[in-house]
1. Have a look at the chain and give its Rg and Dmax from the Cα atoms, expressed in angstrom.
2. So in the stretch 233-400, what percent of DSSP beta bridges are antiparallel if you round to the nearest 5?
3. Would you mind calculating the relative contact order of the stretch 233-400 from Cα pairs under 8 angstrom and at least 6 residues apart, reporting the percent as a whole number?
4. Which ordering of K204, K404 is given by a fewest-first count of other beta-carbon atoms within 10 Å?
5. What is the fewest-to-most order of L388, L188, L217, L313 by other Cβ atoms lying within 10 Å of their Cβ?
6. Please order I223, I117 by the number of other Cβ within 10 Å, starting at the fewest.
7. Across the stretch 233-400, how many lysine pairs separated by 8 or more positions, or lying on different chains, have Cα atoms within less than 13 Å?
8. For a protection proxy built on the mean count of beta-carbon atoms within 10 angstrom, sort 292-298, 7-13 highest first, please.
Amino acid sequence: MKILHINPLDIGARGVYSLHNALKEAGFGSTMLVQHKASEDNEIFSIEEKREKCALVFQEILSHLPLKWYTKKMHSPFSSAWIGFGDVLKHIQTAQPDIVHIHSLCGMLKIEDLAKIHKPIVWSLADSWAFTGGCHHPVLKEDPSVLSLPEECKGYQKMCGCCPVLCSTKEKDLSRKVWDRKQKAFSLVQKLTVVGISETIAQKARESQLFQKKEILTIPYPIDTNEFQSIDKKIAREILGLPQEKKFLLIHSRKSRYDESRAFSLLWEALKELQTQKMELLFLGNAPAVPEKLGFPIHFLGNLQDAISRKLLYSAADIFVEPFYQESHSYSILESLACATPVVAFRTDSNSEILQHAQNSYLAKPLDARDIANGIDWICHHLNYKHLSMKAREKACESFEKSKIIKEYSRLYEKAIS
């Protein structure tokens, strides 16, 4: 069976890339079409190879044009998907896959292009964009002074308009226009199966007006627990040139995230509570702006994409700290669990599906910096750290191991083409 995955990134979207590789190993003809290719996989094709970079930049500018009229818009991302790449549809027609598996439509296709795909479509949802009028995270307002998760806008359950993310008071604003376009396009798609990568996002999709008549499943992205497993901490630190006697916190910084500013301000605040601890910080990904006199030695490791480097890093760390809160199954959390490294994260619905408080990790009160500090301190001084680590690994193997997830996708694909 031939599966074509549509997503802007390949290895940068680790969950999608892991699914692609697991399907290939299971005997599926899995290929990917991406906007930006970073891997050397011959089964991954990039539209960058077919277009001049200046054309891609121009298209990126055009895609944001409708937002120019909303000068008070929140920082939360909003995509109207009114421009697509014709090359994507041409590639689908040439490749003739049995299934087109969309992971992110934005930046690849316009909404109306869905009806032009004459193959069964599987659409994996990592956020709310597919069933809203354009926002990826439907929030009513942004208030950094409030120590709770942003209140959710429920407009997607009926019909979008007066969009709070756009700070709009008009019923027929951009969100209504995007919502109307989606309603029309979805009605023309013959075979569409919707998959939430978490039960949290799947349930929101079921409650939405746009997807209320669609079949919606919950299947997370898989992880290769043979590839991602713990290495002896002493050996991992020796290879990375890290001191043996310190406690290490690992943080994955993703600059493209809109909640980055608040997430890191909460992290810095939490670390102030731990000034007496002999800890050092490991940063994977883009280096964030670190306050002066933070009080902890910091190691910036950069964007390590290969599995060997990443599992060395997870194994060297004592704790993985996830300060981001607008996430539907952080893949970094899955990698950390697979490498037997406990996690400290905020208690959100999605995090609660992966992490078991006080069993394999610590779930802090939402947006409570002091409780993040409590969690770090609790794991650092846990009397049976090895038991916590073992439970972390068990969770990854029981719930996200690739052979289990591929069986679920195999059943889904077979049903989609029948």
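1. For the chain, the Cα-based Rg and Dmax read 21.5, 62 Å.
2. That works out to approximately 0 percent antiparallel.
3. Reported relative contact order: 23 percent.
4. K404, K204
5. Fewest-to-most ranking of L388, L188, L217, L313: L188, L217, L388, L313.
6. Fewest-to-most ranking of I223, I117: I117, I223.
7. Counting lysine pairs in the stretch 233-400 gives 9.
8. The peptides rank, most packed first, as 7-13, 292-298.
Quick note: the coordinates plus some simple rules give every number you see, no bench work behind them. Predicted model only: the values in this text are computed from it and were never measured. Every residue, glycine among them, receives a Cβ derived from its backbone with ideal geometry; neighbour counts consider all protein chains shown.
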